[in-house]
Amino acid sequence: MSDRWTLLQLLRWMTDYFTEKGIDNPRLDAELLLVHTLNLDRVGLYLNYDRPLVAAELDTIRPLLKRRGQREPLQYLLGVTEFWSLEFNVTPAVLIPRADSEILVEEALARADSSGALLDVGTGSGAIVISLASELSNWQLTGFDISPAALEIAQQNIDKNRVAEKVQLVQGDLAELPTQQYDLIVSNPPYIDRQEWDGLMPEVRCFEPQLALLAENGGLKCYQQLAEQAGHRLKTHGWLLVEIGYEQADAVKALFSNAGLKNIFVREDYSGHPRVVGGQA
Ligand SMILES: C[S@@+](CC[C@H](N)C(=O)[O-])C[C@H]1O[C@@H](n2cnc3c(N)ncnc32)[C@H](O)[C@@H]1O
């Protein structure tokens, strides 16, 4: 990078650099990085293409550019991401919430009466439980996670999205869920088999927490543990709803069925992949 740049020149240079580094959406990432560091919106960026950058701006952008080139996820560089049209803080202590997980939110909302109690197992950034809290008025919601570092971020996001009166956080291992009874238990647990690890994108493999991703028994261990406890932790007619990897639907349905859950269903995501399995107590 030389020292004399207009915004458009830099945008083009960054797009080429990200393309060379094998990044999926090079132009979009370049735009978002610029918009964030220069405190513009995207229209502001397009209207300022001819604006020269000052040295201090280039000094801020250079290290971020390098880190993204090394495949660090954009969301960790920006420190925030969007889910369910809300803003969430993210750090490497938490999985970056994925748009596909909004399917789980939709399925939970479709089964939520006017009041009740909900448990989100493996809450991470709190994206799922906070999104649900933003939609449900008379509910008590609990975010549960084994990672204290993740729960710190979830607490920041609860405060940021002003749902503290509805959402509490509990630390623990999903091998032993809180002893309360719930109307809904939702979970996007770790579900990747260790054998798949090397095939993951560098953004995931090198930067997201392993604790959030890997599960034993071919990726099925958490589903097994959740299904086994569902009968004791769900009220009659309560639902267990889990996000799954797209090749896990049959195995998870079998686990739910063996655990005595009824009305088992599979919901596909908008790409047509099985994404959520649900079962009723
Ligand atoms: C796939 S992430 C999901 C995060 C968030 N719910 C989301 O959808 O973006 C799984 C979460 O489960 C947590 N976790 C992993 N093992 C756990 C366990 N044994 N008990 C409770 N939580 C666990 C991880 O810390 C991580 O936050």
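The values are calculated or read from the model by the stated rules, or taken from the named source; none is laboratory data. As the structure is a prediction and not an experimental result, all values here were calculated from the model. Here Cβ is always computed from backbone atoms with ideal geometry, including for glycine, and neighbour counts include all displayed protein chains. Side chains are part of the model used for accessible areas, which takes the heavy atoms of the whole protein and leaves out ligands, DNA and RNA. Shrake-Rupley method; radii C 1.70, N 1.55, O 1.52, S 1.80 Å.
The mean accessible area for residues of region 7-70, using a 1.4 Å probe and ignoring ligands and nucleic acids, is 56 Å² per residue. If R0 equals 51 Å, the separation of the Cβ atoms of R205 and N138 corresponds to a calculated FRET efficiency of about 0.75. Taking a ≥ b ≥ c as the square roots of the eigenvalues of the Cα gyration tensor, the chain is classed as prolate, since a/c reaches at least 1.5 and a/b is larger than b/c.
Note on Q168 and K235: their simple-model spin labels are 1.7 nm apart, each label 7 Å out from Cα toward Cβ.
Hey, quick one: spin label on A110, modelled 7 Å out along Cα-Cβ, who in region 119-160 has an amide N within reach, i.e. under 18 Å? Counting backbone N atoms under 18 Å from the label point, the list is 132, 135-136. For region 218-232, list residues with backbone N below 18 Å from a point placed 7 Å from the Cα of A175 toward its Cβ? Backbone N within reach: 218-230.
Across region 162-178, coupling constants 3J(HN,Hα) worked out from phi with the 6.51/-1.76/1.60 Karplus curve, θ = phi - 60°, read 6, 10, 4, 6, 10, 10, 10, 10, 9, 9, x, 9, 5, 4, 9, 6, x Hz, and Gly and Pro carry x. Lysine pairs in the chain whose alpha-carbon atoms fall under 17 angstrom of each other, counting only those eight or more residues apart or on distinct chains, come to 4. Shown is the FRET efficiency for K66 and K160, computed with R0 = 25 Å from the Cβ-Cβ distance and rounded to the nearest 0.05: 0.30. In this Cβ point-charge picture (+1 for Lys and Arg, -1 for Asp and Glu), region 92-280 has a dipole of about 400 debye about its Cα centre.
Taking 0.36 nm per residue of sequence separation and removing the Cα-Cα distance, the E228/E82 pair yields an extension gain of 49.3 nm.
Sparse packing (at most 12 other Cβ atoms within 10 Å of the Cβ) combined with a DSSP loop state is found for none of the trypsin sites (Lys or Arg not before Pro) in region 180-281. As a fraction of the 1.4 Å probe accessible area of the chain, surface on carbon and sulfur atoms comes out at 47 percent.
When each of the peptides 241-251, 66-76, 120-130, 164-174 is scored by the mean number of other C-beta atoms lying within 10 Å of its residues, the order from highest to lowest reads 120-130, 241-251, 66-76, 164-174.
Fully extending the segment from R27 to A99, taken as 0.36 nm per residue of separation minus the present Cα-Cα distance, adds 23.9 nm.
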